[in-house]
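**Q** Mind looking over this structure? Questions follow.
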Number of protein chains: 2
Amino acid sequence: MDNYGNSQDLMVPPVEGVAGGGTAYGWGDSGQHDSSQLRGTIDPAKVPSIDLVHAWYMPSTANVGPQDMPRPVEPISLLAARNERESIQIALRPKVNWGRSGIAGAVQVQCTDLCSAAGDRLVVGQSLTLRRVVPVLGVPDALVPLDIPISQISLYPGETSSIWVSIDVPNAQPPGHYEGELIIIATKADAESTVQCLGKAEKHQLYRDIKNCLEIVEPIDGKTMDEVVERVKSATTSLRRVLLSPSFSDFFSDNGPVDMMDEDSISNLSIRLKLSLTVWDFVLPTTPSLPAVIGISDTVIEDRFGVQYGSKEWYEALDQHFKWLLQYRISPYFCRWGDSMRVLAYTCPWPADHPKSDEYFSDPRLAAYAVPYSQVVSCGDTEKDYLQREVDILKTKSHWRKAYFYLWDEPLNQDQYDSLRSMANEIHAYAPDARVLTTYYSGPNDAPLASNNFEAFLKVPEFLRPHTQIYCTSEWVLGNREDLAKDIIAELQPENGEEWWTYVCMGPSDPHPNWHLGMRGTQHRAVMWRVWKEGGTGFLYWGANCYEKATVASAEIRFRRGLPPGDGVLFYPGEVFSSSHQPVASLRLERLLSGLQDIEYLKLYASRFGRDESVSLIEKTGMYLGPERYTHEHMPIDVMRSEIFRTCQS
Amino acid sequence: MDNYGNSQDLMVPPVEGVAGGGTAYGWGDSGQHDSSQLRGTIDPAKVPSIDLVHAWYMPSTANVGPQDMPRPVEPISLLAARNERESIQIALRPKVNWGRSGIAGAVQVQCTDLCSAAGDRLVVGQSLTLRRVVPVLGVPDALVPLDIPISQISLYPGETSSIWVSIDVPNAQPPGHYEGELIIIATKADAESTVQCLGKAEKHQLYRDIKNCLEIVEPIDGKTMDEVVERVKSATTSLRRVLLSPSFSDFFSDNGPVDMMDEDSISNLSIRLKLSLTVWDFVLPTTPSLPAVIGISDTVIEDRFGVQYGSKEWYEALDQHFKWLLQYRISPYFCRWGDSMRVLAYTCPWPADHPKSDEYFSDPRLAAYAVPYSQVVSCGDTEKDYLQREVDILKTKSHWRKAYFYLWDEPLNQDQYDSLRSMANEIHAYAPDARVLTTYYSGPNDAPLASNNFEAFLKVPEFLRPHTQIYCTSEWVLGNREDLAKDIIAELQPENGEEWWTYVCMGPSDPHPNWHLGMRGTQHRAVMWRVWKEGGTGFLYWGANCYEKATVASAEIRFRRGLPPGDGVLFYPGEVFSSSHQPVASLRLERLLSGLQDIEYLKLYASRFGRDESVSLIEKTGMYLGPERYTHEHMPIDVMRSEIFRTCQS
């Protein structure tokens, strides 16, 4: 085929200079002012950092990638309730190169406390934290902690980097307006400063020289004056030579030693980004209104951290995971997979008579806990009465209302449904008010409950009753027909304690809300908006740490074959990114938290104006209208939150 | 719409453990052996680097991106003629993390000379160079030099990096088999070593302490013995305190100070990748057989490096660019754009009577040079007879056969064709054998030369004759109809010195060969394969440094608006990546060079077996069959080269 027909589209190389045409040279010239200080080697200690680096705000729902282009810096003001975390990103991109080979340059990032006029503070390191956004499979995802209060990050030529700034407002923080600053200053990279610092060999030499001096003069007692004088002279000569060595050359100057970069130049040259936050008098409930139960694979922990099932280190590792995840308003359960999707789900690895059991289950941040159907770790005694013993203890406790039993993941045929029934029977024999949770997306495939799949799916509650109380269905089943949620709910008997929960996993896929890597930020956050709109009363996610198998803590993270990237992974082992043992959250986990916080806002609004008005609010702000119609921009989220702040402020 | 119909595609979360299904946990477990040395903090000085990092070869036509997955290391053997550059890549990806926050770890990369059994050498730093592949707009493109013979690079969690290894075989290198090694060893990053090294503040304290000791004991003369003893004791106490300070804590151990990583451990722990090269007795001609003339914008140089048109620094900057580009078997011309695509093209900024003129034009590596139609830099005297004076000088020289005049880029209407004719008339009046080069993709649009566009395009030589000798047409015109090349050639009169050259610019676009960023490596290299197959005798490219305007040498590179990324850019200013002033080649420039070298191989083959056989060779190896049918793999290139080596070895 001859494509000569295209020749009407003129293919004109760009024209340079004044006479030039449309695609011409110099189009992006605005704002690039000629600075003679930028000729030759650039000393960041002498040039305003704003000439070296772009710095601008991005909302927490933005996925800031290396190719993101600078935006104008507009004043931002954040809103947060007490007991809420609010986050924002600072994007950085070098304008020029002032570094060594490999990096465009380094910047020091520091943060001040946020202070109110009344003198109240949100303290750096406690309420204010900084994390670096690190790509996973090329997509910004991992949030690796930065040192507080000052840390240094490297910028790369032609690449935008991002810093994730989080503010955790304590429960008791006085409401009011708080202000602080993020200070960015271009600097020489650490590796460059090492030129000025003593290396190991040099230091060793120095050590030997000084030691030698000591050996020359000591011991002094019993020596003649002449000998002492001679030895002291020899020693002082050595010391003088040491002082004149190149190691100390930077202190020779007539004006005495040069000092570190002084405070003045930091303040004159730095870029200062204001952080402005309004704390309002609403306190997010400590116990999440919507239980979000999230699985943690114990097997993955055992393999990656080399801890043996049931050992002291195993309990410690699980304990660390439990505590870390509680920060995110989620209710973790550990899980171990059996055959045919039988699952052993347990929130507490210790038995009910262990003090840890009460500690875990009474934690007010825990909204729901999984009770294992069988013994998690065998202690040598018989397992026979295990279940009854556990239930007998737990059902007397006030936290028993949080308990649930998760026995089987997505039963698919009559056999599996039967097994589930017999387990549930046993549980209900010991405690008639026990809640069994079952995840499903269809009825049994070998005994259709109705003539079409969706009807059969709808009939599952009738089929399973009374062996399940929490009917937990895949959001994927609904497709974009959110109205079908009403049909599901209509089948339930809330008066008998039946609830509708939902889950996402492999599906639904784009453009529907889910937590896969590469989805939009608002798409991650919308998972919880969807739950609110559809009216589910709880949520389940199958895995937060389900990486591919590795036997080294710091081994590269690989996602499992056959799953969409990010599915089953909400955080990373800290060891993958640094020597830290603290887990590293994903952006997606932060957005899950934000979604859960949004639910508390909406619940507050609903408590004043009714649930219908709360749904109407998320629709009219354009934030969420349906699984294929939700905002891609951040603005509607702020509008929704401000409206609730405005109308619900007491 | 209800997508429930999909439920036949089971959405089963992965099953962990032995009972699991297909997408199960542990699929990629092979080769990951449990090493107790990888528990806790990893010391790269104690662990074989192969446990920490993957290292594997990639061909020069591969675009190795951060998500590239490791491949098995298979022995490679390279083939090169004398006066040829052959390149290969080494890809590196961390298996685990052994670094500090931000990086997975650092590796030292070093390279040995390549030696033959006869004791001949290809020397590191001269014939062997290492460059780091740096992404531009997220695509691997810039080749930033690494230090020789040892350099350190940082690896990032979950990211593959690549090192570009080039071997330049000198003209006089004895043929034979050469072997050497690339040695990769995981190490602590520079920045980490600073933990062990003295910072400035610490060092300053040390300086003061030692100085203080000196002041205590000096001057010693005239003091009493008691006083001396007292002072010496005070000084030695101070010195002892210095030695026991934390600065020197790493030397306290009973076994004496710990030594640096020793040679033995380097050789025991490192990864050694063999480089094996056969040099054959063919010598690539110093003067390229196919002139590839490539534009360099003088305006861009003036703006970015702040050199004033015509100043001493301006001449130096142009001179540096000319010399650097000659390495790539291309014939540079500088250019300045006028109105309506009139172009001032000149290979030498000095006039013909300047000694530099002969130096430039006689350089055997230069295959063609552009003579400016008007004075490049006005020297105060009248421009009136400038052209005649220049031509009169140049036409007497033996290098005159390389001369051409490039007057107008893509004339589009009768006016422009007329201007071109009158300029050519003037030139031919002074030198009837002067060659005028004209780029075009159509006839005049206001006076169609034929009833359809392609016919009109074909008639341009008839229309322009005798005002143009080098008819330089866009490859875009041919589309995938390479057979149309015959029609173009049929219109020319080679007996009267007429030639057909081609060019690429914005077009043709993917999948046709061009040098845009993001195209395949073989697609870049195929630009020259296409020239060989179609039978053009020269090639033109409009720009090698046509970035968007910037007035700071190290300013971020931006591509011009309206152009495909990479179009008009074949190298970068070194300042963008480091403090070096040496230009940084793109991968695409290296592949242009490889393509030009391929042409020399094919020319050799054609000289033995005829041109048709050479075309048949590139077809039967699967290397190049047409603008939409060329290899995506590297293998056919090696097959083609080996076949020429086998059949043409004298």
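The values are calculated or read from the model by the stated rules, or taken from the named source; none is laboratory data. Not measured: the values here are computed from a predicted model. Positions of Cβ are backbone-derived with ideal geometry, glycine not excepted, and every protein chain shown enters the neighbour counts. Side chains are part of the model used for accessible areas, which takes the heavy atoms of the whole protein and leaves out ligands, DNA and RNA. Shrake-Rupley method; radii C 1.70, N 1.55, O 1.52, S 1.80 Å.
**Q** Are any residues in the stretch B:434-449 farther than 19 Å from B:Trp500 by Cβ and open to solvent by 10 Å² or more (accessible area, probe 1.4 Å), and if so, which ones? Steps first, please.
**A** Step one: of the stretch B:434-449, the residues farther than 19 Å from B:Trp500 by Cβ are B:444-448.
Once the filter is applied, which keeps residues that are farther than 19 Å from B:Trp500 by Cβ and open to solvent by 10 Å² or more (accessible area, probe 1.4 Å), the stretch B:434-449 yields B:Asn445, B:Asp446, B:Ala447, B:Pro448.
**Q** Whether any residue in the stretch B:106-126 is touching a helix residue (DSSP H, G or I) at 6+ places or on another chain (Cβ under 8 Å) and open to solvent by 10 Å² or more (accessible area, probe 1.4 Å) is what I want to check.
**A** So far as the stretch B:106-126 goes, no, none of its residues is touching a helix residue (DSSP H, G or I) at 6+ places or on another chain (Cβ under 8 Å) and open to solvent by 10 Å² or more (accessible area, probe 1.4 Å).
**Q** Let me ask another. Considering only residues that are open to solvent by less than 10 Å² (accessible area, probe 1.4 Å) and of a type in the set (Lys, Arg), which ones fall in the stretch B:291-328?
**A** Within the stretch B:291-328, just B:Arg304 meets the criteria.
**Q** Oh, and also: Filter the stretch A:129-157 down to residues that are of a type outside the set (A, V, I, L, M) and touching a Lys or Arg at 6+ places or on another chain (Cβ under 8 Å) and give me whichever is least open to solvent (accessible area, probe 1.4 Å).
**A** Keep residues of the stretch A:129-157 that are of a type outside the set (A, V, I, L, M), which gives A:129, A:131-132, A:135, A:138, A:140-141, A:145, A:147, A:149, A:151-152, A:154, A:156-157.
Applying the additional criterion that residues be touching a Lys or Arg at 6+ places or on another chain (Cβ under 8 Å) yields A:141, A:145.
On the way: A:Asp141: 2, A:Pro145: 72 Å².
Only one residue tops the list, namely A:Asp141.
**Q** On to the next question. Go through A:Arg71, A:Arg93 for me and flag whichever is touching a residue at least 12 places away in the same chain (Cβ under 8 Å) and part of a strand (DSSP E or B).
**A** Numbers: A:Arg71 fails: part of a strand (DSSP E or B).
The conditions single out A:Arg93.
**Q** Given the condition in contact with an Asp or Glu (Cβ under 7 Å, 6 or more places away or on another chain), within 10 Å of chain B (Cβ to nearest Cβ) and among the small types (Gly, Ala, Ser), answer yes or no: does some residue in the stretch A:117-128 qualify?
**A** no
**Q** Hey, another quick one. Taking the stretch B:622-650 only, how many residues are assigned to a loop (DSSP other than H, G, I, E, B) and either buried (at least 17 other Cβ atoms within 10 Å of the Cβ) or modelled with pLDDT of 95 or more (or both)?
**A** Taking the stretch B:622-650 and keeping what is assigned to a loop (DSSP other than H, G, I, E, B), we get B:622-623, B:627-628, B:631-634, B:649-650.
When the remaining residues are screened for being either buried (at least 17 other Cβ atoms within 10 Å of the Cβ) or modelled with pLDDT of 95 or more (or both), the result is B:622-623, B:627-628, B:631-634.
Total satisfying the criteria: 8.
**Q** Take the residues in the stretch A:74-105 that are charged (D, E, K, R) and away from every other protein chain (no Cβ under 14 Å); name whichever of them is surrounded by the fewest Cβ atoms within 10 Å (Cβ to Cβ).
**A** A:Glu74
**Q** Can I ask one more? Taking B:Ser362 and the conditions (1) closer than 30 Å to B:Val504 by Cα; (2) at pLDDT 95 or above; (3) crowded, with 18+ Cβ neighbours inside 10 Å, which numbered condition does it fall short on, given that it satisfies the others?
**A** With respect to (1) closer than 30 Å to B:Val504 by Cα; (2) at pLDDT 95 or above; (3) crowded, with 18+ Cβ neighbours inside 10 Å, B:Ser362 is out only on (3).
**Q** Also: Here are some residues: B:Ser607, B:Ser509. Which one is open to solvent by 10 Å² or more (accessible area, probe 1.4 Å) and within 14 Å of another protein chain (Cβ to nearest Cβ)?
**A** Result of the check over B:Ser607, B:Ser509: B:Ser509.
**Q** Going through B:Trp501, B:Trp408 one at a time, which residue ends up being aromatic (Phe, Trp, Tyr), in contact with a Lys or Arg (Cβ under 7 Å, 6 or more places away or on another chain) and touching a residue at least 60 places away in the same chain (Cβ under 8 Å)?
**A** B:Trp408
**Q** For the stretch A:214-244, which residues satisfy the criterion of being within 60 Å of the chain's Cα centre (by Cα), at the interface with another protein chain (Cβ under 9 Å from one of its Cβ atoms) and exposed (fewer than 13 other Cβ atoms within 10 Å of the Cβ)?
**A** Residues satisfying the conditions do not exist here.
Residue-wise test of (1) of a type outside the set (A, V, I, L, M, F, W, C); (2) farther than 19 Å from A:Thr287 by Cα.
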position	(1), (2)
A:Ala352	no, yes
A:Gln388	yes, yes
A:Ala403	no, no
A:Met423	no, yes
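Conditions (1) over 21 Å from B:Ser614 (Cα atoms); (2) more than 8 Å from chain A (Cβ to nearest Cβ); (3) open to solvent by 20 Å² or more (accessible area, probe 1.4 Å), marked per residue:
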| site | (1), (2), (3) |
| --- | --- |
| B:Val477 | yes, no, no |
| B:Glu491 | yes, yes, yes |
| B:Gly518 | yes, yes, yes |
| B:Ala544 | yes, yes, no |
| B:Arg558 | yes, no, yes |
| B:Phe571 | yes, yes, no |
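**Q** Suppose the filter is of a type in the set (D, E, K, R) and surrounded by fewer than 17 Cβ atoms within 10 Å (Cβ to Cβ); does B:Asp385 pass it?
**A** Working: of a type in the set (D, E, K, R): yes; surrounded by fewer than 17 Cβ atoms within 10 Å (Cβ to Cβ): yes.
Yes, satisfied.
**Q** For B:His581, all conditions in the list (1) at negative phi; (2) assigned to a loop (DSSP other than H, G, I, E, B); (3) in contact with a strand residue (DSSP E or B) (Cβ under 9 Å, 6 or more places away or on another chain) hold save one; what is the number of the exception?
**A** Failed condition: (3).
**Q** Being of a type in the set (Ser, Thr, Tyr), over 26 Å from the mean Cα position of the chain (by Cα), assigned to a helix (DSSP H, G or I) and at pLDDT 95 or above: is that true of B:Ser607 here?
**A** yes
**Q** Kindly indicate whether B:Asp385 is without any contact (Cβ under 8 Å) to a residue 12 or more places away in the chain and of a type outside the set (Lys, Arg).
**A** yes
**Q** Pairs under 6 Å by beta carbon, first residue over 10 Å from A:Val229 (Cα atoms) in the stretch B:218-234, partner among the polar types (S, T, N, Q), six or more apart or different chains?
**A** B:Glu218/A:Thr236
**Q** Mind listing just one residue for me: the one in the stretch A:295-331 that is more than 22 Å from A:Glu86 (Cα to Cα) and part of a strand (DSSP E or B) and, of those, nearest to the other protein chains (Cβ to nearest Cβ)?
**A** A:Ser297
**Q** Among the residues of the stretch A:410-438, write down those that are within 22 Å of A:Val293 (Cβ to Cβ) and hydrophobic (A, V, I, L, M, F, W, C).
**A** Across the stretch A:410-438, the qualifying residues are A:Leu412, A:Leu420, A:Met423, A:Ala424, A:Ile427, A:Ala431, A:Ala434, A:Val436, A:Leu437.
**Q** Considering only residues that are touching a residue at least 60 places away in the same chain (Cβ under 8 Å) and not charged (D, E, K, R), look in the stretch B:413-433 and name the one that is surrounded by the fewest Cβ atoms within 10 Å (Cβ to Cβ).
**A** Top of the filtered list is B:Ser419.
**Q** Could you tell me whether B:Arg465 is open to solvent by 10 Å² or more (accessible area, probe 1.4 Å), closer than 30 Å to B:Ser578 by Cβ and at pLDDT 95 or above?
**A** Details: open to solvent by 10 Å² or more (accessible area, probe 1.4 Å): yes; closer than 30 Å to B:Ser578 by Cβ: no; at pLDDT 95 or above: yes.
Considered against the rule, which asks whether it is open to solvent by 10 Å² or more (accessible area, probe 1.4 Å), closer than 30 Å to B:Ser578 by Cβ and at pLDDT 95 or above, B:Arg465 comes out as no.
**Q** Looking at the stretch A:610-621, which of its residues are surrounded by fewer than 17 Cβ atoms within 10 Å (Cβ to Cβ) and assigned to a helix (DSSP H, G or I)?
**A** A:Arg611, A:Asp612, A:Glu613, A:Ser616, A:Glu619, A:Lys620
**Q** Okay, next question. Does the stretch B:24-38 contain any residue that is surrounded by fewer than 16 Cβ atoms within 10 Å (Cβ to Cβ), within 14 Å of chain A (Cβ to nearest Cβ) and either modelled with pLDDT of 60 or more or assigned to a strand (DSSP E or B) (or both)?
**A** Checked the stretch B:24-38: at least one residue is surrounded by fewer than 16 Cβ atoms within 10 Å (Cβ to Cβ), within 14 Å of chain A (Cβ to nearest Cβ) and either modelled with pLDDT of 60 or more or assigned to a strand (DSSP E or B) (or both).
**Q** Quick one: is A:Glu600 surrounded by fewer than 22 Cβ atoms within 10 Å (Cβ to Cβ), free of Cβ contacts under 8 Å to residues at least 12 places away in the same chain, among the acidic types (Asp, Glu) and in a helix (DSSP H, G or I)?
**A** No: the conditions fail for A:Glu600.
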